[in-house]
Structure formats: structure tokens, C-alpha cells
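Notes follow once the structure below has been shown.
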Amino acid sequence: MIRLELTLGRNIPDAGTVNDSMMDHFIRTVIMPLLEFGTFIDGIGFWKGEEEQCKILYVEMPESELAEMLPKFEQIGNAYKTMFRQDSVMISQVSTNMVMR
């Protein structure tokens, strides 16, 4: 199994933060039309020495689906960077051993 994670920082350079309403709109209009499932985690990270809240999207999938899913994560990340003037977003790929009970 593979887990893709997309970390989205919520600070907007010189313009405050991506608030809950803005994030919810982004999730509903950009992410949900592209993905059938996923999980969000709220976190705190730092970028260039500055602490910031972040939203982490992750999806677990069979390795055979990675080639189809990765471009969707890249599309979401690029949309987020454009919409909220981000320098970057982070996409991580992790091998997992998922057990369903």
C-alpha cells in the first residue's frame, strides 16, 4: 500500500491566513471533484522559520493506483499555490502496511 500526503500551509504571504471558510470552499470545489475519498488532519508546522497551521490530506491506496492518483495531488497542490499565493506545497509518498479490521 501507498499513502500520499499533501501538506497545505495556511499562512498567506502579507495577507493573513487561509481561514476555515476559505479552506472548506477549496476542499469542496477543488479537492472533492477530483477524489472519491481522503482524510484531513489539522497540524502545525513551520516554513522558513515561521510557525503556521496546516491542513494535511492523505489517501491510502494500492501501489497500482499511484500513477493515477499522483497527478491529482499535483493538480490540487498547484491550485492551492495559485489560489492562496503559496511558495510551495509538500507531497509525500509513504509505503504502508495497512490492516483493516
Estimated [θ] at 222 nm from DSSP helical runs (n ≥ 4, -39500 (n - 2.57)) normalised by residues in the chain, nearest 500: -8000 deg cm²/dmol
All lysines inside 18 Å of LYS72 as judged from Cα atoms, apart from same-chain residues fewer than 8 positions distant: LYS55, LYS81
Whole-angstrom Cα spans of the chain along principal axes, big to small: 43, 28, 24
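Throughout, read-outs are computed from the coordinates displayed, never taken from laboratory work. Keep in mind it's a predicted model, so treat the numbers as computed, not measured.
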